[in-house]
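Report on the structure given below.
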Amino acid sequence: MKYKFIKNNESIFPIEKMCTVFKLSSSGYFKWKSRSFSKKLFLKKKIEEQITSIYFSSKQRYGSPRITFELNSLGYKISRITVAKYMKELGLRSKLSKKFKVTTNSKHTYLVVENVLDRNFIAEKPAQTWVSDITYIQTKEGFLHLTTVIDLYDRKIIGWSLSNEMSTEETSLAAWKMAVKNRKIGEGLIFHSDRGVQYASRKFANTLKFYGVTRSMSRRGNCWDNAVAET
C-alpha cells in the first residue's frame, strides 16, 4: 500500500521524501516498481497473444467488441477500449467478409439430425463440443473451399481443409481427420454443423458413428445455430 501511494503521488511529492516519511528505502521502492512493471508487461504480452489467436481463428473477421467478449469469457478482465488499443498496436483490423453464394447444399435425401447443441456455445472441457463450417476464400487462382473444425472449449481451430472440390472427402472428412490427430476425442463429444450434404452424407455420418460422436445440425436457414463456426 505504501509503495502504491508513492507511485500515485510521484508527480506531486519527491520520491525520496515520501520514502523517508514511510521509513522505506528508495532502492526498495524502485525494485518494487520494476517488478510491478514487469508483471504488467507480461500480462499485456499474454493478452496480445490471445487477441492474435482469436483474431486469426475468426478468419480476421472479429473486431474489438467480439474479441473483448471472447477474452472476458476466458477470464480476462479487460475493456473494449483497451482491446482496441492493443489491436491497433498489433496492426489487427477486422476484415469485412464479402458475401458469396451458399457453400453447402441442403437439398439432399440424407438423414438430417436434431439440433442437440441448441446454441450452447460454452464447453467446460476440451473435446466436449466441436463445431464445423465450410466457407469460400477468394484467391488469385479462383475460389477455394475452407472447412474448419473448432473446439468450443478454447475456440481454437483444431482441424481444417482447403480444397478445390466440395466433396465430403475433401471438406468435412479431411478437416475431421486433422482434428482427431490434433486433439483426443472426449467421451460424449458433440459435433455440430449445418445441414449440408458434406456433413449429412453416409460416409461422414458413419465416421462419426464409428467414433461414438453425437451429431447435431442447425435448423433450416438459421445461421445463428452455428454462430461460432460461421463467424
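Confirm whether G75 is without any contact (Cβ under 8 Å) to a residue 12 or more places away in the chain, within 30 Å of G159 (Cβ to Cβ) and not acidic (D, E). Explain how you work it out, then say what you get.
On the way: without any contact (Cβ under 8 Å) to a residue 12 or more places away in the chain: yes; within 30 Å of G159 (Cβ to Cβ): yes; not acidic (D, E): yes.
Yes: the conditions hold for G75.
Identify the residue in region 160-178 that is among the small types (G, A, S) and within 15 Å of Y199 (Cα to Cα) and, among all such residues, is surrounded by the fewest Cβ atoms within 10 Å (Cβ to Cβ). Give the derivation first.
Just the residues of region 160-178 that are among the small types (G, A, S), to begin with: 161, 163, 167, 172, 174-175.
If we keep only those that are within 15 Å of Y199 (Cα to Cα) as well, we get 161, 167, 172, 174-175.
Working: S161: 21, S167: 16, S172: 31, A174: 18, A175: 25.
Going through the qualifying residues, I end up with S167.
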Any chance I157 is in contact (Cβ under 8 Å) with a residue 60 or more places away in the chain, farther than 22 Å from K203 by Cβ and of a type in the set (V, I, T): yes
Tell me which of these T129 doesn't satisfy, since it passes every other one: (1) modelled with pLDDT of 90 or more; (2) touching a Lys or Arg at 6+ places or on another chain (Cβ under 6 Å); (3) of a type in the set (V, I, T). (2)
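Can you confirm whether Q60 is polar (S, T, N, Q), modelled with pLDDT under 85 and within 20 Å of D154 (Cα to Cα)?
Working: polar (S, T, N, Q): yes; modelled with pLDDT under 85: yes; within 20 Å of D154 (Cα to Cα): yes.
The answer is yes for Q60.
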Provide a single number: the residues in region 160-174 that are over 18 Å from R202 (Cβ atoms) and within 22 Å of the chain's Cα centre (by Cα). 3
Could we say that T20 is in the same structural domain as T82 (by the TED database), at pLDDT 85 or above and closer than 14 Å to I6 by Cβ here? yes
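Quick one: in region 29-58, of everything that is of a type in the set (V, I, T) and farther than 13 Å from T82 by Cβ, which residue is surrounded by the fewest Cβ atoms within 10 Å (Cβ to Cβ)?
Start the filter on region 29-58 by keeping residues that are of a type in the set (V, I, T), which leaves 47, 51-52, 54.
Within this subset, residues satisfying the condition of being farther than 13 Å from T82 by Cβ are 52, 54.
Details: T52: 15, I54: 22.
Per the criteria, the residue is T52.
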Which pairs have Cβ atoms under 7 Å, sit 6 or more apart or on different chains, and link a residue in region 41-60 that is over 18 Å from G75 (Cβ atoms) to one that is part of a helix (DSSP H, G or I)? Y55/I67
If you check A123 against the conditions, is it more than 26 Å from R202 (Cβ to Cβ), of a type in the set (G, A, S) and modelled with pLDDT of 90 or more? no
Looking only at region 85-111, filter to residues that are buried (at least 16 other Cβ atoms within 10 Å of the Cβ) and at pLDDT 85 or above; which one of those is farthest from the chain's Cα centre (by Cα)? Y86
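The values are calculated or read from the model by the stated rules, or taken from the named source; none is laboratory data. No experiment lies behind these values; they were computed from the predicted model shown. For neighbour counting, all protein chains shown are included, and Cβ atoms are generated from backbone atoms with ideal geometry for every residue, glycine included.
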